[in-house]
1. Please go through region 303-345 and pick out each residue that is open to solvent by 60 Å² or more (accessible area, probe 1.4 Å), under 30 Å from ALA276 (Cβ atoms) and modelled with pLDDT of 95 or more.
2. Among the residues of region 223-231, is there at least one that is among the basic types (Lys, Arg) and more than 26 Å from PRO307 (Cα to Cα)?
3. Does MET443 fit the bill of being open to solvent by less than 30 Å² (accessible area, probe 1.4 Å) and in contact (Cβ under 8 Å) with a residue 40 or more places away in the chain?
4. Residues to consider are ARG145, ARG121; find the one that is among the basic types (Lys, Arg), closer than 28 Å to HIS11 by Cβ and open to solvent by 30 Å² or more (accessible area, probe 1.4 Å).
5. Could you run through region 134-170 and say how many residues are closer than 20 Å to TYR59 by Cβ and of a type in the set (D, E, K, R)?
6. Can you pull out every residue in region 393-409 that is open to solvent by 40 Å² or more (accessible area, probe 1.4 Å) and either in contact (Cβ under 8 Å) with a residue 60 or more places away in the chain or closer than 30 Å to VAL137 by Cα (or both)?
7. Of all residues in region 142-155, how many are under 25 Å from the mean Cα position of the chain (by Cα) and farther than 27 Å from GLU219 by Cβ?
8. Can you tell me which residue among GLY412, GLY353 is surrounded by fewer than 14 Cβ atoms within 10 Å (Cβ to Cβ), small (Gly, Ala, Ser), touching a residue at least 60 places away in the same chain (Cβ under 8 Å) and not in a strand (DSSP E or B)?
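The values are calculated or read from the model by the stated rules, or taken from the named source; none is laboratory data. Computed from a predicted structure; not experimentally measured. Glycine also receives a Cβ, built like all others from the backbone with ideal geometry; neighbour counts cover every protein chain displayed. Heavy atoms of the whole protein, side chains included, go into the accessibility calculation; ligands, DNA and RNA do not. Shrake-Rupley method; radii C 1.70, N 1.55, O 1.52, S 1.80 Å.
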Amino acid sequence: MRATARLLQGHRPGDGPLRVLSASGQLGYGIPADALARGMARRPHFIGADMGSIDPGPYYLGSGTMAAPETMVRRDLALVLQAALEAGVPLLIGSAGTAGAQPQLARVTTMLREIAQAQGRSFRLATIASDLPPQLVLEARREGRLAPIGAMPAPVEADILACSHIVGQCGTETFARALATDPDVVLAGRACDTAIFAALPEMLGYPVGLSLHMAKIIECTSLCCRPGGRDAMLAELDPEGFTLESMNPASHATPASVAAHALYEQADPFSVEEPAGTLHLVDARYQALDEHRTRVSGARFERRTRPTLKIEGARPLGARAVLLAGIADPTLLSCLPEVLATVTAKVRALLPGDWTVVPHVYGQGAVRPLPPELQARHEAGLVMEFIAPDAELARTAAAVFKQNLLHHGYPGRVSTGGNLAFAFTPSELDAYRAYGFVLYHVMDDAPLEEIFRIATHDIMAVPNH
């Protein structure tokens with residue numbers, strides 16, 4: 001009997017609290033080993049770790065590469081794998097390799113094999129592939145089953161077909177199918193963060209609302225604490241509620257800090273949309289047990305008639321070069337949008353071709369739109385992004401733009417010595433391939449079992465000779 005079967009057959013909600021350990025909010029950026037060790041000393045029933053997100057932008061989904069440094073990914077994987085196998089408890093990892101696309105899932109699977117070999121361990125691994133074929137998306141688009149999240153434009157067919165990777169975000173029902181294969185470790189492609197931690201409690205019979213609310217909080221480990229951090233987080237779940245405790249004794253889960261986490265990535269802190277329905281938090285209650293722990297209760301789940309599927313897709317835009325400069329002339333800053341437009345037109349006349357430029361003016365709204373009264377008057381950072389079919393054209397556009405902006409004569413200019421300051425040279429840099437989101441949508445009536453393909457791998461340690 002393996003780890004999952006032992007838990008599913010050996011624990012019931014009336015047996016005492018289910019101890020759930022969240023080891024990492026984004027595996028690959030350094031799991032604090034001392035906090036993980038404290039968590040393991042509490043004898044958790046299972047360990048979960050989120051590994052990815054769409055937050056780093058479209059590059060990692062489009063390219064199929066990992067955002068986290070591979071050295072740290074390997075370190076963190078080794079820590080959680082050793083902890084779970086030595087304790088004999090399931091390990092669940094979601095959003096493999098950042099975006100959960102097939103190349104990332106394959107790379108992390110290979111790394112787990114290599115780590116197991118180095119540690120001399122054998123285990124059963126269940127993987128969940130999350131990639132969608134473009135034709136499935138096109139069919140949903142034609143049938144009106146595709147709705148944007150936020151201000152995403154309606155995708156055209158050519159852009160969908162151009163996506164290098166399209167993934168769906170699997171939920172608890174898919175994790176349950178993977179867990180039914182009795183694995184020691186589950187590694188999912190793109191996954192809903194909560195599903196990593198809510199699937200097993202739901203299978204054991206704990207209330208869905210409490211399970212999802214607990215999962216929503218602990219998937220970010222100790223971020224819900226004061227001070228927040230990346231330390232392992234322990235939740236103790238029972239049929240009436242759950243208790244939260246950071247495994248860092250200096251990081252405290254308070255009612256205010258835990259309740260505030262409902263605002264994390266949420267426009268409405270009282271209503272959280274999940275693949276299978278809506279998590280309602282309006283009646284949630286937060287009670288301090290002591291200065292370090294908080295107990296939470298009251299969440300309610302409303303299941304929708306038909307599950308929905310969040311899908312994400314990114315397509316290549318071209319090669320990218322970036323020009324970095326600083327501006328310290330208040331006169332230029334006051335007319336910078338007009339100057340950038342004028343210089344862009346001038347450079348287009350000098351350098352015809354298929355290139356685009358996107359200005360980011362830090363201090364005047366690069367991070368978010370700023371009203372004029374809040375914009376920088378004396379200094380701003382300029383990041384000009386150039387995208388073209390090839391790196392040579394992108395670099396050329398950046399270099400020609402730089403020289404023309406450097407010496408552009410704007411109204412009120414006093415000196416002809418230059419408009420820009422440079423921290424280093426060259427000031428125009430190659431910046432990888434550029435990708436753009438095409439899909440950030442919800443699909444209705446998605447064939448979940450067809451999309452999320454589960455495979456099992458019996459990984460055996462091979463003796464070294």
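1. ARG315, the sole residue that qualifies.
2. Yes, region 223-231 contains a residue that is among the basic types (Lys, Arg) and more than 26 Å from PRO307 (Cα to Cα).
3. Taking the combined requirement at face value, the residue satisfies it.
4. That would be ARG121, the only listed residue that is among the basic types (Lys, Arg), closer than 28 Å to HIS11 by Cβ and open to solvent by 30 Å² or more (accessible area, probe 1.4 Å).
5. 1
6. ARG395
7. Selection size over region 142-155: 4.
8. Just one listed residue meets the conditions, GLY412.
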